[in-house]
Amino acid sequence: MKEIYWNQAATMLVVEELNKGEVKRLDEMPGEFIQRMDAAVADIRPVAYEKLCDEFGHGPKHAYARVFQFSACNFSVQDGRPDIDDDFTIITERVPCPVRHKCNLPYCTFESQLSKREIEIVKLFAQGFNENSIADQLFISPATVHNHITNIYKKLGLTGSDHPDRLLVSFAYNNKLIK
């Protein structure tokens, strides 16, 4: 049983063997581990795997880059629970930012919890546009924009907050959707 997460400085991914308490950097893991992890990702998330291959390359020599990005997007939280069992069954976590702020892409193209349209709306909202002006920009009705924003709040867990608008703007900055 292994857990994968960012170190405290968020500069590297580490793999902890939960039963033994051994911790290694992901880049120190044996090639067999990387290859088995790569194959497991291909099996359980074929669409994400194809996008990873498109971004980082096909074939075994690019396995580490694919495994690194998948791990950064889907694990990254140290919680004492296994992310990979001994049979290489992958147990992904729900993390607030799918890439933990490491992605150089305009938004996560692998497995973001927000749709492309929702990301567009978050960007415009964070830039100061109100629902009516967002509707004008995207050629949709203000009611549709309102529905999208309501869904965004739900997906990000911002409902019930005293200041969901501020938290949404924070989310946009933290996830590099705006500068």
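The values are calculated or read from the model by the stated rules, or taken from the named source; none is laboratory data. Quantities reported herein were computed from a predicted structural model and do not represent experimental measurements. Because the Cβ atoms are built from the backbone with ideal geometry, glycine has one as well, and the counts that use them run over all protein chains shown. Heavy atoms of the whole protein, side chains included, go into the accessibility calculation; ligands, DNA and RNA do not. Shrake-Rupley method; radii C 1.70, N 1.55, O 1.52, S 1.80 Å.
For Gly128, indicate whether it is open to solvent by 30 Å² or more (accessible area, probe 1.4 Å), of a type in the set (Gly, Ala, Ser) and at pLDDT below 75. Show your work before the answer.
On the way: open to solvent by 30 Å² or more (accessible area, probe 1.4 Å): yes; of a type in the set (Gly, Ala, Ser): yes; at pLDDT below 75: no.
Spelling it out, it is not the case that Gly128 is open to solvent by 30 Å² or more (accessible area, probe 1.4 Å), of a type in the set (Gly, Ala, Ser) and at pLDDT below 75.
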Filter result (touching a residue at least 24 places away in the same chain (Cβ under 8 Å) and of a type in the set (A, V, I, L, M, F, W, C)) within the range 55-67: Ala63, Val67
Selection status of Val99, under 26 Å from Trp6 (Cβ atoms), β-branched (Val, Ile, Thr) and either surrounded by fewer than 18 Cβ atoms within 10 Å (Cβ to Cβ) or modelled with pLDDT under 80 (or both): yes
Cβ-Cβ under 7 Å pairs, at least 6 apart or on other chains, the range 36-54 side farther than 20 Å from Asp85 by Cα, far side open to solvent by 10 Å² or more (accessible area, probe 1.4 Å): Ala48/Phe110; Ala48/Glu111; Lys51/Thr109; Lys51/Phe110; Leu52/Gln69; Leu52/Phe110
Test: Lys61 is open to solvent by 50 Å² or more (accessible area, probe 1.4 Å) and part of a helix (DSSP H, G or I): yes
Restricting the range 68-92 to residues that are open to solvent by 50 Å² or more (accessible area, probe 1.4 Å) and without any contact (Cβ under 8 Å) to a residue 40 or more places away in the chain, the residue that is nearest to Ile44 (Cα to Cα): Ile91
In the range 6-17, the residues that are at pLDDT below 85 and assigned to a strand (DSSP E or B): Trp6
Ile44, sole failed condition from (1) surrounded by 18 or more Cβ atoms within 10 Å (Cβ to Cβ); (2) within 14 Å of Ile91 (Cα to Cα); (3) modelled with pLDDT under 90: (1)
